[in-house]
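K.L.:
Pasting in a structure now, in structure tokens, and then I'll have a few things to ask.
The values are calculated or read from the model by the stated rules, or taken from the named source; none is laboratory data. Values in this document were obtained by computation on a predicted structure and should not be read as measured data. Reconstructed Cβ throughout: ideal geometry from the backbone, glycine too, with neighbour counts over all protein chains shown. All accessible areas refer to the heavy atoms of the entire protein, side chains included, with ligands and DNA or RNA removed. Shrake-Rupley method; radii C 1.70, N 1.55, O 1.52, S 1.80 Å.
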Amino acid sequence: MTNNQNPRDILKLESHFRWLRVRRRTASEWLAWGLWLLSLAILLEYTWSSFVESETQATVLAGALFFGLLAAGVIVNIMRGVDAQSIHKYRSQQIAQKDDALGSSSEPDETQANGRPLTRRQFIKTVGMAGVTAGAAGSTALVAGSQMLGTPMSGGVYRRPWWVRQVEVPTTGIDWDMMQRVDAARNTLAGNPALGRFGSAEENDYLETVRRENELSRLTNNETGFTLKDVALANAFSGTRDIMPRTFLGPRQAPRPEDLGVDRWQGSPDENARLLKVAMQQMGAATVGIVELDERTRKLIYSVDNDGKRLEFENVEHAYEDTEKRVIPFAARWVVVYAVQMSDIAIRRAPTKIAQMATTEAYQRGLMIQNNVQEFLRGLGYQGLGEAELNGLGIAPALAVLAGLGELSRLNRVVTPEFGPMVRIFKLITDLPLAPDKPIDAGIARFCRTCKKCAEACPPSALSFDTEPGWIPIGEWSNPGHQAWFEDSVRCRRYWYEEAGSNCGICFSVCPFSKRNRSFMHDLVRMQIATFPELDELTRTMDDAFGYGVQKDPGDWWDLDLPEYGIDTHKD
């Protein structure tokens, strides 16, 4: 384009392209459109993911937001185009007047042809829009590269998102001087009929009778979730679990290195941690963490196991067991803590036999893993000392917290960054030298202070509504010496027998961390929870608005196309 071209021709050409929306834009406009497109992409992905996961309310709301934002952008673009034509008419009149005054051979004024100089207001607007766009794009990039930026657990097997920070002490307090070893035979409800010693003989008999009558009534009435096929499925898992070997010393069938004529495995603690974690993931463990036993952490091992046998530490080379005790060598200094996923698809049908099946099936897989790990360690030339009774050996939530699997939550259970509370925790002790893991801070316990969704959803009101976790247990079933939202376990168990007709699990399913939707949006929310606690209340409100935590119809479970074991093995 030559300098002596008529200004009217230039304006005519520009006008033509402006109607096609191809016109000069300011920097702030380009940034705004970039932010608009990024927001549309995230909302579209979230809408589709919610639709695939059959989250109807989330799909409708996310879809409405997507189309609303899309329509707003289109309208703004059209209006800016109309505004551009108005500016064109105004400027054409100015230049025509100037042309008459100066003659047709005058050169176009640079300020008028290229627009007005950048004002202070436009500069501030551009900088502000740049900040917002850079923040949104940066957050998206941080989520996309979350694992590359994160710190690996011991052994380097699994690198968590960067917002799951490793810390020196857990996010809920521990008073090691106050803490004492627990007599599990007296102070836990696990394995006891009804309320165990926390209920009278008459009350326990009553609860057992009511439970049997309720189950028979629901079965006879063909109640959804308690039909014959539901009961048969639950019994299938509980029946086979009860006949599988569960021993402190393990099956002891695998050949040892000396049986093969070779030396036992030798590796550094970090190499050993990697070796063991990879093997256990193959066996079905979702995540694995390591705790080193010392004078403090030995307090987390029961003094008396669930079946009444004492658990004692002795200066011996090999572990052994007799009729009165199980002996752990002092050389066995590492606790291997592992999580096994439960089917969130089934737990969202709680309280029914379908949800009960999911719990029992997870315990069955946990037992299979224990047997396999004990034999694997034996094959390397080391000992693996497992749970001789269901939920035996030690305090699972406490060991899981110290092993970095998750944080203690309002449920008084561990909530993991990857799977929320939808896990069961297991542990065994070994003399294979291992690199320990650290506790984590992913904002979970901090979020529990604001959320309280599980407490609101608990039918018997067995969960705490206190904002801060306390130090004083509300019953002998809770161990003093640590900070927690202590639950009323007796009230919970009574509800199982009198009303639910099965175990419950509603608190697990309503937890905002329990969602397994793979949407990018959920990763953004997890990052926000970990880094911006000021938004926790809004996050809880949005969780309700999008319909999360609503129990699913147990009747449609049998029509689903389920993944293996009903779980998604993808780590969030």
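K.L.:
Quick one: which of Glu317, Glu295, Glu312, Glu271 is in a strand (DSSP E or B) and not β-branched (Val, Ile, Thr)?
P.N.:
Only one candidate passes the filter, namely Glu312.
K.L.:
Name the pairs whose Cβ atoms lie under 7 Å apart, with the first residue in the range 469-485 and farther than 17 Å from Arg181 by Cα and free of Cβ contacts under 8 Å to residues at least 60 places away in the same chain, the second of a type in the set (Asp, Glu) and part of a loop (DSSP other than H, G, I, E, B), and 6 or more positions between them or separate chains?
P.N.:
Ile474/Asp488
K.L.:
Of the residues that make up the range 176-198, is at least one within 30 Å of Gln282 (Cα to Cα), open to solvent by 40 Å² or more (accessible area, probe 1.4 Å) and of a type outside the set (A, V, I, L, M)?
P.N.:
Yes; the residues of the range 176-198 include at least one that is within 30 Å of Gln282 (Cα to Cα), open to solvent by 40 Å² or more (accessible area, probe 1.4 Å) and of a type outside the set (A, V, I, L, M).
K.L.:
I've got another one for you. Would you check if there is a residue in the range 325-347 being part of a helix (DSSP H, G or I), in contact with a Ser or Thr (Cβ under 7 Å, 6 or more places away or on another chain) and either at pLDDT 95 or above or among the hydrophobic types (A, V, I, L, M, F, W, C) (or both)?
P.N.:
The answer is yes, given that some residue of the range 325-347 is part of a helix (DSSP H, G or I), in contact with a Ser or Thr (Cβ under 7 Å, 6 or more places away or on another chain) and either at pLDDT 95 or above or among the hydrophobic types (A, V, I, L, M, F, W, C) (or both).
K.L.:
Still on this structure, I have one more. Which residue is modelled with the lowest pLDDT, if the candidates are limited to the range 488-503 and must be assigned to a loop (DSSP other than H, G, I, E, B) and open to solvent by 20 Å² or more (accessible area, probe 1.4 Å)?
P.N.:
By that ranking, first place goes to Asn503.
K.L.:
If you go through the range 210-218 one residue at a time, do you hit one that is β-branched (Val, Ile, Thr), under 30 Å from Pro329 (Cβ atoms) and either touching a residue at least 60 places away in the same chain (Cβ under 8 Å) or not in a loop (DSSP other than H, G, I, E, B) (or both)?
P.N.:
Looking for residues that are β-branched (Val, Ile, Thr), under 30 Å from Pro329 (Cβ atoms) and either touching a residue at least 60 places away in the same chain (Cβ under 8 Å) or not in a loop (DSSP other than H, G, I, E, B) (or both), one finds none in the range 210-218, hence no.
K.L.:
Which members of the range 504-550 meet the condition of being farther than 14 Å from Thr450 by Cβ and open to solvent by 60 Å² or more (accessible area, probe 1.4 Å)?
P.N.:
Once the filter is applied, which keeps residues that are farther than 14 Å from Thr450 by Cβ and open to solvent by 60 Å² or more (accessible area, probe 1.4 Å), the range 504-550 yields Arg518, Val550.
K.L.:
Follow-up question, since we're still on this one. Mind listing just one residue for me: the one in the range 41-56 that is open to solvent by 80 Å² or more (accessible area, probe 1.4 Å) and β-branched (Val, Ile, Thr) and, of those, nearest to Ala71 (Cα to Cα)?
P.N.:
Only one residue fits best here, namely Thr56.
K.L.:
Still on this structure: Provide a single number: the residues in the range 276-297 that are open to solvent by 50 Å² or more (accessible area, probe 1.4 Å) and under 27 Å from Val340 (Cα atoms).
P.N.:
Of the residues in the range 276-297, 7 are open to solvent by 50 Å² or more (accessible area, probe 1.4 Å) and under 27 Å from Val340 (Cα atoms).
K.L.:
Name the residues in the range 282-304 that are of a type outside the set (S, T, N, Q), more than 24 Å from Val169 (Cβ to Cβ) and in contact with a strand residue (DSSP E or B) (Cβ under 7 Å, 6 or more places away or on another chain), would you?
P.N.:
Gly284, Ala285, Ala286, Val304, listed by residue number.
K.L.:
Which one of these is at negative phi, open to solvent by less than 40 Å² (accessible area, probe 1.4 Å) and assigned to a loop (DSSP other than H, G, I, E, B): Ala234, Ala254?
P.N.:
None of the other options fit; the residue is Ala254.
K.L.:
Are there any pairs with C-beta distances below 6 angstrom linking a residue in the range 148-167 that is within 18 Å of His522 (Cβ to Cβ) and open to solvent by 30 Å² or more (accessible area, probe 1.4 Å) to a residue that is of a type outside the set (Ser, Thr, Tyr) and modelled with pLDDT under 85, with the two at least 6 apart or on different chains, and if so which?
P.N.:
Every condition considered, the pairs that remain are Trp162/Leu149; Trp162/Gly150.
K.L.:
Sticking with this structure for a sec: Any chance you could count how many residues in the range 151-165 are under 16 Å from the mean Cα position of the chain (by Cα) and not basic (Lys, Arg)?
P.N.:
5
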